[in-house]
Amino acid sequence: MIISNRLKNQHLLWRAAFGPMAENAASLDELSQKKLWALLLKSSAKEPVKIAVAQNLADGLYMGVMDAAKQNEATKAEQGRKKRQQSRDDLKSLNILWLQEMVNSEAQLREKMSLFWHGHFACRVINSFFQQELLHIIRTNALGNFGDMLKEVSKSPSMLQFLNNQQNKKGNPNENFAREVMELFTMGRGNYTENDIKEAARAFTGWGFNLQGEFVFRKNQHDTETKTILGKTGNFDGDDVLNILLDQPQTAVFITQKLYKYFVNETVDDKNLQWLSQRFYDNKYDIKKLLEDIYTSDWFYTQKNIGNKIKSPVELLAGIRRLLPLELDNDQSQLLFQKVLGQILFYPPNVAGWPGGRTWIDSSTLMVRLQIPQVLAAKESFTIRAKNDDDVNMGQMTEQQQRINKNKIYVSRGASANIDWAPVIKIFEKDKRENLLQKIADTLLQSPSSIDTKLLEKYIATDSRENFIKTAIIQLMTTPEYQLC
Amino acid sequence: MIIKRKEFLQIGSLATASVMLPKFLQAFEKKNMVPPGNKVVVVIQFSGGNDGLNTVIPISNDIYYKSRPKLGITKEKALGLTGDVGLNPALEAFKGFYDDGSLAILNSVGYPNPDRSHFRSMDIWHSASASNEYLYTGWLGRYLDAQCKGCDKPTQALEIDDILSLALKGNEKNGLAFTDPRRLYSSSNERFYKEINASHQSSGESVDYLYKTMSETLSSADYIFKQSKLNPSTGIYPNTDLGKNLKTISSLILSDINTKVYYVSLGSFDTHVNQEAQQKRLFTELNDAVKAFTTDLKKNNRFDDVLMMTFSEFGRRVSQNASNGTDHGTANNMFFISGGLKQKGVLNDMPDLSDLNDGDLKHKVDFKNVYATVLNKWLGSDDKTILGKQYDYLKFI
């Protein structure tokens, strides 16, 4: 099977970014992958601007110490409840604003990598200020050095709180932080002993944060005795432990493997993994170089690595919005979709992050995924009834009314949209009528499976070229194939 | 007449199901009917961490009243079961179940190294994992894996909700979540879905997996809807979410559906503030819905075949907090309701309030022993494979 240049470019855009956007989808026939990769790198070169929803810790969750002291217990509890509610609302804003970046930002590579790291350094605390700061650490370092990011994340109040390191004190250690740093953030299970965890936990004693949300090292809580970790002995502190973990080639293997499963293929090719992880280690954990190794390799563009990945809910939503520029009736409806599809940003299922792959799919989530394009387009006025005339039970209702009715649980919550079709129609301006459907399918689908075009045509409007393109796109997005990239 | 109609519907349902199945899957389809007398489990989840000590109340324990000067429920108000044990006043029907021998109470259920985070502890209960182990499948999902090898419709485990819980996710099979059989049917009954499904040709693992799930969903939706109309419950249920959900479950239990496990949730029990009113409201909803459900099952002679079990991700601290509420705790009690219990009443000692772990109850029974018991003795399945380990069985069923 010949893999077209367009398919390869779209492959790169779906994996390294959130899919092709309307404005540049037409140019993907000609561009080379090396050129496209260079463009992706260049447009993500700038430092990101912080997405800010909470100004300071008081906005986030905690009130100042002085305020707290003045209040009696009952008002304190009431205040606490209000703060938590405010924090949850701020997290919703943070979610929508970040999703907006994934859709619209030109720094596609950076935002996509940030989503990956957001799942890798999974953290679930309701303090919106903490979450905002952690996200900024991740977006800033997403293409930088893994070791730097690991150290900054490990010192973030978000992670210290989530993994209970505030409770990790000399003589009374809490091992949660040390365990997860080794098991999930660096080496992976089976590469260290329980004793290594115990000793590392002692080295992390005293790492915490203050009421201003800043990292503090509490010397009096730190265990200054000698520790032995992964065969090395010394009076280690937390930074030393992280350096010891980064010294282990296994950390490079573990991170590369996770990245490979996420961006290339759930079935890992051992030869590729070995080559990539060795270079990642030799390049001192330079993330950009690792990505370059992947995205400029020939094997990345072979059939077995294309169109076999199940899009995560966030990738699906962002991907639709990149191809179909649109304005939702209510932006908050995106949270509803995240919830029913099982991926709410800032609410990973646990510290191990979203497992991905097939776990995204069950009966309920698949049917909602198929419904989403229909919901978005519910208020469109196109009609395909002419080809669908045995659907008589709907009586006198227009198709538009039927679509709204059928999808009313979502439409009533603001999930339908005004779609800006002009740039979408323009993608196909040079395509002849007889090739049009094939071209639209080739632009939308990465999957090796092909949908019967005769069958599809029954569900596509033929009254105008515009309506043909619109209905073809909505219908193609309503397929299992569109769930893959 | 009724029998004829039933037969017609079944044949109808199987016929459409095979038409809808893509060719590459048709070989797997087989008839999977369940004989009457079929044992069924209904899991009722109390989301948010229900306060067990104000549910099953230690009415003769001074420590309880000292720890809860405002929140403690007096001996007079509690519905006395024994001299030492009372039920929350809102659970009047449960007192009736106790009196007629269809209620069992298991105290101090939990797990080692308890986690006080809602979602983490719920994950542990759903996946039946150890507290430092992350599993992405649930105990009922793995039951489904074992039960539904090669079957075309994973309807052995159903959740009445919009979102499928981790508990019902398996490695190979997932349970199905819906709130209303009619809505499930109408959302999947799209000619487009059926046609692309029928014309799909095997072309790669991921895409085949999606089509397989779609195919199972379409045939399950069809099957569930038809079954729900076969012999719909005529019982009178309260107009609450739980009432409606239990009525849906009843209509399915009274049909010929092959479902063995139903799953519903009630909440939120996260009573940090003003606990009394919130718990009362939820327990009233629970009490009235379960009462109607039980009456319905008895009338149809199915009460002996149905086991209801309740659980929550954790109990709450022994001492009340400063806002007339309670904070996250550890071990908790579970209710079992059925006409087919072998042991009834209060199954074990009330929690020992003088032996606490940092203000929290110590667990005496691992919830995985309960799962093993239900899986093995009620559902007749291989609990060791499903739970990954052999747990001792309890004797209440």
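The values are calculated or read from the model by the stated rules, or taken from the named source; none is laboratory data. It should be emphasised that the depicted structure is a prediction, and the values quoted were computed from it without experimental measurement. Please note: Cβ atoms are built from the backbone with ideal geometry, for glycine as well, and neighbour counts cover all protein chains shown. Side chains are part of the model used for accessible areas, which takes the heavy atoms of the whole protein and leaves out ligands, DNA and RNA. Shrake-Rupley method; radii C 1.70, N 1.55, O 1.52, S 1.80 Å.
A few comments on the model shown:
- Search result, residues across region A:135-163 that are under 18 Å from A:A178 (Cβ atoms), open to solvent by 10 Å² or more (accessible area, probe 1.4 Å) and assigned to a helix (DSSP H, G or I): A:K151, A:E152, A:P157, A:Q161, A:F162
- Scanning region B:221-236 for residues that are over 21 Å from the mean Cα position of the chain (by Cα) and among the hydroxyl-bearing types (S, T, Y), we see that the one that is most open to solvent (accessible area, probe 1.4 Å) is B:T234.
- If only residues of region A:283-313 that are within 14 Å of chain B (Cβ to nearest Cβ) and assigned to a loop (DSSP other than H, G, I, E, B) are counted, the one that is surrounded by the most Cβ atoms within 10 Å (Cβ to Cβ) is A:K309.
- Of the residues in region A:427-435, none is in contact with a Ser or Thr (Cβ under 6 Å, 6 or more places away or on another chain) and either within 14 Å of another protein chain (Cβ to nearest Cβ) or assigned to a helix (DSSP H, G or I) (or both).
- Filtered residues of region A:314-370 (kept if touching a Gly at 6+ places or on another chain (Cβ under 6 Å), assigned to a loop (DSSP other than H, G, I, E, B) and open to solvent by 10 Å² or more (accessible area, probe 1.4 Å)): A:D329, A:N330, A:W354
- Close pairs (6 angstrom Cβ cut-off, 6 or more residues apart or separate chains): without any contact (Cβ under 8 Å) to a residue 60 or more places away in the chain in region A:283-295, assigned to a helix (DSSP H, G or I) anywhere: A:N283/A:K289; A:L290/A:F280; A:D293/A:L276; A:D293/A:R279; A:I294/A:F300
- Within region B:95-123, being of a type in the set (A, V, I, L, M) and either touching a His at 6+ places or on another chain (Cβ under 9 Å) or within 14 Å of another protein chain (Cβ to nearest Cβ) (or both) holds for B:V109, B:M122.
- Identity of the residue in region B:168-183, open to solvent by 60 Å² or more (accessible area, probe 1.4 Å) and assigned to a helix (DSSP H, G or I), that ends up nearest to the other protein chains (Cβ to nearest Cβ): B:R183
- Pairs are defined by a Cβ separation below 9 Å, a sequence spacing of at least 6 or placement on different chains, a first member in region B:313-329 that is more than 16 Å from B:H118 (Cβ to Cβ) and more than 14 Å from every other protein chain (Cβ to nearest Cβ), and a second member that is part of a loop (DSSP other than H, G, I, E, B) and of a type outside the set (F, W, Y); the pairs so defined are B:V318/B:R68; B:V318/B:T326; B:V318/B:G329; B:V318/B:P351; B:V318/B:L353; B:V318/B:L356; B:V318/B:G359; B:V318/B:L361.
- In region A:174-268, counting only helices (runs of 4 or more DSSP H) that sit wholly within it, the ones holding 3 or more residues that are small (G, A, S) and outside the structural domain of A:D286 (by TED's automatic domain parsing) span A:194-203.
- Identity of the residue in region B:184-200, more than 13 Å from B:T217 (Cα to Cα) and of a type in the set (D, E, K, R), that ends up nearest to the other protein chains (Cβ to nearest Cβ): B:E195
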